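The values are calculated or read from the model by the stated rules, or taken from the named source; none is laboratory data. On a predicted model such as this, the values are computed, not experimentally measured, just so you know. Positions of Cβ are backbone-derived with ideal geometry, glycine not excepted, and every protein chain shown enters the neighbour counts.
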(Lines give C-alpha, C1' and ligand atoms only; values in the text may rest on other atoms or scores of the structure.)
Protein backbone atom coordinates (compact mmCIF):
# COMPACT_ATOMS: atom_id res chain seq x y z
CA UNK A 1 0.00 0.00 0.00
CA UNK A 2 1.12 3.50 -0.70
CA UNK A 3 -0.52 6.64 0.62
CA UNK A 4 -1.36 9.12 -2.15
CA UNK A 5 -2.40 12.01 0.08
CA UNK A 6 -5.76 13.08 1.41
CA UNK A 7 -8.16 10.13 1.63
CA UNK A 8 -6.65 7.67 -0.80
CA UNK A 9 -4.02 5.00 -1.16
CA UNK A 10 -2.96 2.57 -3.84
CA UNK A 11 -2.97 -1.15 -3.12
CA UNK A 12 -0.51 -3.34 -5.01
CA UNK A 13 -1.21 -7.05 -5.35
CA UNK A 14 0.68 -9.37 -7.67
CA UNK A 15 0.50 -7.53 -11.02
CA UNK A 16 -2.47 -5.28 -10.12
CA UNK A 17 -2.91 -1.89 -8.52
CA UNK A 18 -6.12 -0.20 -7.37
CA UNK A 19 -6.97 3.00 -5.56
CA UNK A 20 -8.83 2.88 -2.27
CA UNK A 21 -10.65 5.98 -1.09
CA UNK A 22 -11.08 6.66 2.62
CA UNK A 23 -12.06 4.17 5.29
CA UNK A 24 -15.79 4.81 4.86
CA UNK A 25 -17.79 7.56 3.24
CA UNK A 26 -21.26 8.93 3.75
CA UNK A 27 -21.13 11.24 0.73
CA UNK A 28 -23.38 10.57 -2.23
CA UNK A 29 -20.44 10.23 -4.64
CA UNK A 30 -16.67 9.80 -4.36
CA UNK A 31 -13.83 9.52 -6.83
CA UNK A 32 -12.89 6.04 -5.56
CA UNK A 33 -14.58 3.20 -3.66
CA UNK A 34 -13.81 3.31 0.06
CA UNK A 35 -12.41 0.43 2.11
CA UNK A 36 -15.88 -0.60 3.34
CA UNK A 37 -17.14 -0.82 -0.25
CA UNK A 38 -14.11 -2.87 -1.30
CA UNK A 39 -14.75 -5.33 1.53
CA UNK A 40 -18.37 -5.85 0.47
CA UNK A 41 -17.38 -6.02 -3.19
CA UNK A 42 -14.64 -8.53 -2.43
CA UNK A 43 -17.17 -10.77 -0.66
CA UNK A 44 -19.49 -10.60 -3.67
CA UNK A 45 -16.64 -11.41 -6.03
CA UNK A 46 -15.55 -14.31 -3.83
CA UNK A 47 -19.06 -15.81 -3.84
CA UNK A 48 -19.69 -15.31 -7.56
CA UNK A 49 -16.34 -16.70 -8.69
CA UNK A 50 -16.53 -19.50 -6.14
CA UNK A 51 -20.01 -20.55 -7.24
CA UNK A 52 -18.95 -20.44 -10.91
CA UNK A 53 -15.89 -22.58 -10.20
CA UNK A 54 -17.78 -25.21 -8.19
CA UNK A 55 -20.61 -25.29 -10.75
CA UNK A 56 -18.10 -25.96 -13.53
CA UNK A 57 -16.60 -28.83 -11.51
CA UNK A 58 -20.10 -30.32 -11.19
CA UNK A 59 -20.77 -29.92 -14.92
CA UNK A 60 -23.37 -27.21 -14.35
CA UNK A 61 -23.55 -24.39 -16.86
CA UNK A 62 -24.31 -21.03 -15.28
CA UNK A 63 -26.28 -18.64 -17.49
CA UNK A 64 -26.12 -15.55 -15.26
CA UNK A 65 -25.28 -14.50 -11.71
CA UNK A 66 -25.74 -11.36 -9.67
CA UNK A 67 -25.05 -10.65 -6.01
CA UNK A 68 -26.88 -8.10 -3.87
CA UNK A 69 -24.82 -7.19 -0.80
CA UNK A 70 -25.43 -4.81 2.07
CA UNK A 71 -23.85 -4.20 5.43
CA UNK A 72 -24.82 -2.34 8.57
CA UNK A 73 -22.22 -0.74 10.82
CA UNK A 74 -22.67 -1.10 14.57
CA UNK A 75 -22.51 2.67 15.12
CA UNK A 76 -21.34 4.93 12.27
CA UNK A 77 -21.27 7.88 14.69
CA UNK A 78 -18.28 6.28 16.45
CA UNK A 79 -16.43 6.32 13.11
CA UNK A 80 -17.33 10.00 12.72
CA UNK A 81 -15.94 10.76 16.20
CA UNK A 82 -19.19 11.96 17.77
CA UNK A 83 -18.52 12.53 21.48
CA UNK A 84 -20.50 10.32 23.83
CA UNK A 85 -21.37 7.64 21.28
CA UNK A 86 -20.81 4.00 22.24
CA UNK A 87 -20.35 0.77 20.34
CA UNK A 88 -17.86 0.36 17.54
CA UNK A 89 -17.52 1.46 13.91
CA UNK A 90 -17.28 -2.07 12.52
CA UNK A 91 -19.87 -4.11 10.70
CA UNK A 92 -22.71 -5.48 12.80
CA UNK A 93 -24.28 -7.43 9.94
CA UNK A 94 -23.54 -8.26 6.32
CA UNK A 95 -26.10 -9.88 4.06
CA UNK A 96 -25.79 -11.20 0.55
CA UNK A 97 -28.19 -12.87 -1.83
CA UNK A 98 -26.72 -14.59 -4.85
CA UNK A 99 -29.15 -14.79 -7.77
CA UNK A 100 -28.23 -17.62 -10.15
CA UNK A 101 -29.68 -18.89 -13.39
CA UNK A 102 -28.21 -22.29 -14.31
CA UNK A 103 -29.04 -25.62 -15.91
CA UNK A 104 -29.38 -27.48 -12.61
CA UNK A 105 -32.13 -28.54 -10.24
CA UNK A 106 -32.64 -26.82 -6.90
CA UNK A 107 -30.87 -29.53 -4.88
CA UNK A 108 -27.74 -29.37 -7.04
CA UNK A 109 -27.70 -25.58 -6.78
CA UNK A 110 -27.94 -25.81 -2.97
CA UNK A 111 -25.06 -28.29 -2.87
CA UNK A 112 -22.89 -26.01 -5.02
CA UNK A 113 -23.80 -23.08 -2.75
CA UNK A 114 -22.87 -24.99 0.40
CA UNK A 115 -19.53 -25.99 -1.12
CA UNK A 116 -18.94 -22.37 -2.14
CA UNK A 117 -19.57 -21.16 1.41
CA UNK A 118 -17.50 -23.90 3.03
CA UNK A 119 -14.47 -23.14 0.81
CA UNK A 120 -14.72 -19.35 0.74
CA UNK A 121 -11.79 -17.60 2.43
CA UNK A 122 -13.81 -14.44 3.03
CA UNK A 123 -16.95 -16.16 4.34
CA UNK A 124 -14.84 -18.21 6.73
CA UNK A 125 -13.08 -15.07 7.96
CA UNK A 126 -16.09 -12.76 8.26
CA UNK A 127 -18.34 -15.42 9.79
CA UNK A 128 -16.12 -15.38 12.89
CA UNK A 129 -16.64 -11.67 13.56
CA UNK A 130 -19.91 -10.44 12.02
CA UNK A 131 -23.48 -11.68 11.67
CA UNK A 132 -23.48 -13.02 8.09
CA UNK A 133 -26.68 -13.82 6.22
CA UNK A 134 -25.91 -15.55 2.92
CA UNK A 135 -28.72 -16.70 0.65
CA UNK A 136 -28.99 -18.38 -2.72
CA UNK A 137 -31.91 -17.58 -5.01
CA UNK A 138 -32.29 -19.74 -8.10
CA UNK A 139 -33.71 -17.77 -11.01
CA UNK A 140 -35.56 -19.44 -13.86
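Scanning the range 103-140 for residues being closer than 13 Å to residue 65 by Cα, modelled with pLDDT of 95 or more and surrounded by 15 or more Cβ atoms within 10 Å (Cβ to Cβ) gives a total of 3.
Yes/no matrix, rows are residues, columns are (1) buried (at least 17 other Cβ atoms within 10 Å of the Cβ); (2) at pLDDT 95 or above; (3) in contact with a helix residue (DSSP H, G or I) (Cβ under 7 Å, 6 or more places away or on another chain); (4) in a loop (DSSP other than H, G, I, E, B):
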residue: 64; (1), (2), (3), (4): no, yes, no, no
residue: 68; (1), (2), (3), (4): no, yes, no, no
residue: 71; (1), (2), (3), (4): yes, yes, yes, no
residue: 77; (1), (2), (3), (4): no, yes, no, no
residue: 84; (1), (2), (3), (4): no, yes, no, yes
residue: 89; (1), (2), (3), (4): yes, yes, yes, yes
residue: 94; (1), (2), (3), (4): yes, yes, yes, no
residue: 97; (1), (2), (3), (4): no, yes, no, no
residue: 101; (1), (2), (3), (4): no, yes, no, no
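Would you check if residue 74 is touching a strand residue (DSSP E or B) at 6+ places or on another chain (Cβ under 8 Å) and more than 21 Å from residue 102 (Cα to Cα)? Spelling it out, residue 74 is indeed touching a strand residue (DSSP E or B) at 6+ places or on another chain (Cβ under 8 Å) and more than 21 Å from residue 102 (Cα to Cα). Residues in the range 5-26 that are surrounded by fewer than 12 Cβ atoms within 10 Å (Cβ to Cβ) and more than 20 Å from the chain's Cα centre (by Cα) were compared, and the one that is farthest from residue 73 (Cα to Cα) is 15.
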